[in-house]
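Below you'll find the structure, written out as structure tokens, and then a few comments.
The values are calculated or read from the model by the stated rules, or taken from the named source; none is laboratory data. Quick caveat: nothing in here was measured; it's all calculated off a predicted structure. For neighbour counting, all protein chains shown are included, and Cβ atoms are generated from backbone atoms with ideal geometry for every residue, glycine included.
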Amino acid sequence: MLPMLSSVTKAMVMDPQELGAAYWRRNLESPVLFNDAVSNLLKEDKAHILLEISPHSALSGPLKQIFRSHSLKHGPLYIPTLKRCDDTSFDARCEVQLLSALGLIHSNGAIVDLMSVNGRGQVVTDLPPYPWQHGTRYWNESRLVRDWRLSSMPPHELLGSRCPESTDLEPSWRNIVGTGSNPWLADHILRGHVVFPAAGYIAMAGEAVRQLNPGTEGFTAKNVLFKSPLVIDETGSVEIITSLNPVAFNDVMNSEWYSFVIASHDGSVWTEVCSGQVQAGVEDEPSHIKIPRYARQVSPEKWYGALSDLGLSYGPQFRGLQNISADPLGGRASASVNLVKQYESHYFVHPTMLDQCLQLMSVAGAAGLRRCIIKSAIPSSIEHLLVRSVGEYMDVNVEVKQETGNYLAGDATAMFEDKVVLSMKVEDEVLKGLEICIMRSRDSIATDPGTQTSSSVIIRLRYTRPLSDTSVRLLWHSQDVRFAPYANIDLSSKQQPSDASSNILRDLTLRADRDPSIMLTEESRSLIIQETVRLVSSSLIGSQDLDEGQKWEIPIDSLASLEIKSWVRRNMDLDVSVAEIAKSRTVGGLALMTADRLVGHYKAKLENPSSGVLDEGTAVPSSSEVVD
């Protein structure tokens, strides 16, 4: 056979055995990789003449774009066999166009069988007679097939296609989502995993009500809950079904609102990933709202770099924030949000743009300072959202109203050409640690991720002794003061663990001092870290008084060699971040904070026990001296 460059595999097909039934099924189910196939052909420098065999020159435009992308001033000669036109002249006749194309191929050095081209045609005259009667209909088509074949809406890249089995009363849509069919999803990476963006669920709900109400200019959503992160394997895909159900006004009448549920299937079970309410249309919003510019200018590149350090590794499609500014007093930020590229499917607002509005909340919460970012996080709920059709950019202002523990509440407003196109009220938006969140999604941990450890005891830390010691003295105190981020722990309190806890703690201390190699095994590490943190936690919630001046020690070196943020949470189920621990908000992390801050110093100490990691009197920066 002649070599064939496949638009399914992007590779050259040399053996007819490769073109079996499986290949043609894949050809029907897979996207057409025309750009990749032609690009590979150009790279091999084997294409001199491109002949399009079709009723019209439909590939002329795409081929010219591909030639330009490869910086080819004179690409291969493109020859169409036929061109559709209204001209009735002799040159417009089909046979003339076909002969002209073959002549042009011949004149450019290609071998053409002119005898076959110019030979006399023949017709088949021995066909049996056929009764052209249409009284009997042989086409048997069910309602499901007819609805699928005559669907008025093309498949949407996220929402998918309307399920023919669903009714107009409770419509549903089905789709197979993956990075192959939606490459931009691969740019939403959280802790090394491709996670479906929360903004994507909002866009799917908006598109669903648009299909039910064609011509609407926007949509409104409320009480949206993002219940479980949807992790997408880089080479795999996930089945998603979106269902809408009218919200009843009373027993005989429905409202204009729909309850929506988005569920995913992992091959064995269905998981509800998002729910809420949505309706077509938007309420009137005040126009001519001016988006302010704040005093602190923030570099987008550096901010995205800081988020990447926390695990939010946004790719190019999600890095559209520009002209970022923040209020130095905190709580407010503004920016320009840009659509990085155009997409084929319809969106009131593309998920990449809506996600950038959520990103801006981290700027407002940290007052534009990278060192003040609380934690890597994803949204868990949105109380109210209004969206109109958005262009390629919009100006956004965000105000954070409340920030306590794992909670962040605020408003976002976006303008496009002096018109409010997005208004979002995020109230009690839960920001969950990404490691815990993704881990629970994949490992089916049932604990509520929003649960927090609470205590009335506040922590005070200050630098007290050289870091070359093998343990850190702990005193308990009940007053909250500023502390240096690289200091040892020095705490005091009127609460003490039980005798049993003290004995276990003393045993752990002795074991670690006698045999430092105990830290080299995961089992021993797990025992030390869990028991230490448990005892520190229990001491803070105990009820016995501590005699003034009484002290006890924890082998902090045992903690220093661990990957604190992910490994400890997996064992202890701590939904906390180091920054929260540093702000004295979490009971269970007293030892963890110091260990994480000093991990570099203590690793050096473990590798070379004779060295002084930090000598007495060495300056330790205070919290106000740490640069952004």
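Okay, here's what the table says:
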{"item": "Looking only at region 163-182, and only at residues there that are charged (D, E, K, R) and assigned to a loop (DSSP other than H, G, I, E, B), the one that is modelled with the highest pLDDT", "result": "Glu170"}
{"item": "Among the residues listed as Arg93, Arg120, Arg143, the single one being free of Cβ contacts under 8 Å to residues at least 12 places away in the same chain, of a type in the set (Lys, Arg) and loosely packed, with under 11 Cβ neighbours inside 10 Å", "result": "Arg120"}
{"item": "Residue match in region 324-334 (condition: free of Cβ contacts under 8 Å to residues at least 40 places away in the same chain and part of a strand (DSSP E or B))", "result": "no"}
{"item": "Count of residues meeting criterion [loosely packed, with under 12 Cβ neighbours inside 10 Å and closer than 24 Å to Pro76 by Cβ] in region 96-115", "result": "6"}
{"item": "Selected residue [small (Gly, Ala, Ser) and modelled with pLDDT under 90] from Gly200, Gly160, Gly135", "result": "Gly135"}
{"item": "Residues (under 29 Å from Ser237 (Cα atoms), crowded, with 16+ Cβ neighbours inside 10 Å and modelled with pLDDT under 85) located in region 267-311", "result": "Leu310, Gly311"}
{"item": "Residue in region 85-94 that is within 30 Å of Pro155 (Cα to Cα) and either assigned to a loop (DSSP other than H, G, I, E, B) or of a type outside the set (Asp, Glu) (or both) present", "result": "no"}
{"item": "One residue from Leu329, Leu307 being hydrophobic (A, V, I, L, M, F, W, C) and within 26 Å of Trp184 (Cβ to Cβ)", "result": "Leu307"}
{"item": "Criterion violated by Glu234 - all others in (1) in contact (Cβ under 8 Å) with a residue 40 or more places away in the chain; (2) within 30 Å of Phe416 (Cα to Cα) satisfied", "result": "(2)"}
{"item": "Elements of type helices (runs of 4 or more DSSP H) in region 1-73, at least 2 residues being in the same structural domain as Ala92 (by TED's automatic domain parsing) and touching a Lys or Arg at 6+ places or on another chain (Cβ under 8 Å)", "result": "34-43"}
{"item": "Selection count, region 16-71, where residues are among the charged types (D, E, K, R), surrounded by 11 or more Cβ atoms within 10 Å (Cβ to Cβ) and more than 23 Å from Ile111 (Cα to Cα)", "result": "5"}
{"item": "Any hit, region 165-185, residues being within 17 Å of Glu256 (Cα to Cα), in contact with a helix residue (DSSP H, G or I) (Cβ under 8 Å, 6 or more places away or on another chain) and crowded, with 16+ Cβ neighbours inside 10 Å", "result": "yes"}
{"item": "All positions within region 199-222 that are in contact with a helix residue (DSSP H, G or I) (Cβ under 7 Å, 6 or more places away or on another chain) and among the hydrophobic types (A, V, I, L, M, F, W, C)", "result": "Ala199, Ile202, Ala203, Phe219, Ala221"}
{"item": "Val13 vs. criteria out of contact with any strand residue (DSSP E or B) (no Cβ under 9 Å at 6 or more places or on another chain) and either surrounded by 15 or more Cβ atoms within 10 Å (Cβ to Cβ) or not aliphatic (A, V, I, L, M) (or both)", "result": "no"}
{"item": "Residue within region 13-35 that is in contact with a Leu (Cβ under 6 Å, 6 or more places away or on another chain) and either under 30 Å from Pro183 (Cα atoms) or modelled with pLDDT of 90 or more (or both) present", "result": "no"}
{"item": "Neighbours by Cβ (under 7 Å, 6+ apart or cross-chain): first from region 297-310, outside the structural domain of Gly192 (by TED's automatic domain parsing); second aromatic (Phe, Trp, Tyr) and in a helix (DSSP H, G or I)", "result": "none"}
{"item": "Matching residues, region 342-356, being part of a loop (DSSP other than H, G, I, E, B), touching a residue at least 60 places away in the same chain (Cβ under 8 Å), out of contact with any strand residue (DSSP E or B) (no Cβ under 8 Å at 6 or more places or on another chain) and not acidic (Asp, Glu)", "result": "Tyr343, Tyr347, His350"}
{"item": "Matching entry among Leu127, Leu104, Leu144 (being farther than 22 Å from Leu51 by Cα and either over 51 Å from the mean Cα position of the chain (by Cα) or of a type in the set (Lys, Arg) (or both))", "result": "Leu127"}
